[in-house]
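> First, the structure itself, so that you have it in front of you.
The values are calculated or read from the model by the stated rules, or taken from the named source; none is laboratory data. None of these values were measured; they are calculated from a predicted model. As a convention, Cβ positions derive from the backbone with ideal geometry for all residues, glycine included, and neighbour counts pool all protein chains shown. Ligands, DNA and RNA are stripped out before the accessible areas are found, and what is left, the full protein with its side chains, is counted by its heavy atoms. Shrake-Rupley method; radii C 1.70, N 1.55, O 1.52, S 1.80 Å.
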Amino acid sequence: MRKLFTLLYILVAVTTLSAKDFIVVIDAGHGGKDPGAISGCKKIYEKNVTLKVALAVGEEIKKNHPEVKVLYTRDKDVFVGLNDRAHMANKANADLFISIHTNAAKSRTAKGAETYTLGIEEARTERSLEIAKRENGVILLEDNHERTYANFNPNSPESYIIFEYMQSEHVKESIHIAQYVQENLCSDAQRLDRGVRQAGFLVLNATSMPSILVELGYISNAEEAKYLASATGQKKMSHCISEAFDKYYADLKKSSNANTVTAARPTTSTTAAQTTSTEEDKPIFKIQFLSTSKKLEQGDKAFKGLNPVAYYTDNGMYKYTYGNTTDYNEIVRLKRKVNENFKDAFIVAFVKGERIETQQAIALFKKNNP
Ligand SMILES: [Zn+2]
């Protein structure tokens, strides 16, 4: 009887463990009728590079972590819609989504790797728009894309407003693994560091778990295209990503052992969240709603009744802000009000008068106000 009890206990333990297994979805960008970006020599297709690297990342994760379940959005050369990729991950209740792409630019000299998370504040900068347009443009190849994506026009900057209302609860974890991927690509694979960035990617927007999009390099750069297409390059880059997964996964396990809900903090030196904060170190949140080349006076009708208005200068432009609070929740409420007249208004953050990344400020706020 006792033996049976022990056996039952083991069975229960095993079932509980497997129910908690970690699921990672590896998403090879493009495929089938959508080649993605194409090299100058017309021989190297993004869809082939991303598939090779994605499969290698998955293999390595499986080898190193037999308990982790690896799913692919595609494991061969087929077309898969952006929403379908995300839905697959959501349906599987995945814990992490890694999308793999290569970049392209008109300038043949552009090169380097960058890793993206879904953007809040940066979603409509020129640079992030350019890349989001390119990666989101594939929806135009999907049947019924108007209906599936609620008339989202990947080429219209206005469409990207939706991303500024996004408050992804997974931003912190996404940035956490993005930093590991980026660090590895730049040290081990010696890619030029273009940083961890934010942009409005539909595929990340539709996922309901931490998610990143890796741009391995520029297929439009002859030298880099050669590396992207080479077995050596692909092996190196896939190792960088799977090793970043190792670190992230280890941090998660550590923090769940320590019985904390949130993932461990990223390790880059620039993360203000790591320093102990005093009152004056606390980020101040404001709403940026307008920018002009000439300075406007308080009460200008361009402010549409907002008063008092503050400003800071950036690249010769005057950027006007409304609100001033260390309470992130309050600024979110205030933003709704400002958005009635300024639909593009977004949250900015400052520490000691210096602008800092809003994501970073939010992380700091959450740390100080658990
Ligand atoms: Zn792509």
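> Is it true that ASP314 is of a type in the set (Asp, Glu) and without any contact (Cβ under 8 Å) to a residue 40 or more places away in the chain? Can you show your working first?
Working: of a type in the set (Asp, Glu): yes; without any contact (Cβ under 8 Å) to a residue 40 or more places away in the chain: no.
So ASP314 does not fit the description; no.
> Need pairs with beta-carbon distance below 8 Å; first residue under 15 Å from GLU243 (Cβ atoms) and of a type in the set (Asp, Glu) and within segment 188-199, second in a strand (DSSP E or B) and open to solvent by 50 Å² or more (accessible area, probe 1.4 Å); sequence gap 6+ or separate chains.
Hits for this filter: zero, empty list.
> Name, by its number, the condition in (1) within 22 Å of SER230 (Cβ to Cβ); (2) within 16 Å of the ligand (Cβ to nearest atom) that does not hold for PHE97.
Going through the list (1) within 22 Å of SER230 (Cβ to Cβ); (2) within 16 Å of the ligand (Cβ to nearest atom), PHE97 breaks only (1).
> Only one residue in GLU59, GLU67 is part of a loop (DSSP other than H, G, I, E, B) and surrounded by fewer than 21 Cβ atoms within 10 Å (Cβ to Cβ). Which one?
So the residue among GLU59, GLU67 that is part of a loop (DSSP other than H, G, I, E, B) and surrounded by fewer than 21 Cβ atoms within 10 Å (Cβ to Cβ) is GLU67.
> Within segment 183-219, take every residue that is over 12 Å from the mean Cα position of the chain (by Cα) and in a helix (DSSP H, G or I) and give me the one that is farthest from the ligand (Cβ to nearest atom).
SER187
> Sticking with this structure for a sec: Please go through segment 333-361 and give me each residue that is buried (at least 19 other Cβ atoms within 10 Å of the Cβ), of a type in the set (Gly, Ala, Ser) and not in a helix (DSSP H, G or I), ordered by number.
Listed by number, the residues that qualify are ALA345, ALA349.
> What are the residues in segment 147-181 that are touching a strand residue (DSSP E or B) at 6+ places or on another chain (Cβ under 8 Å), open to solvent by less than 10 Å² (accessible area, probe 1.4 Å) and at pLDDT 90 or above, if any?
Residues satisfying the conditions are SER174, ILE177, ALA178, VAL181.
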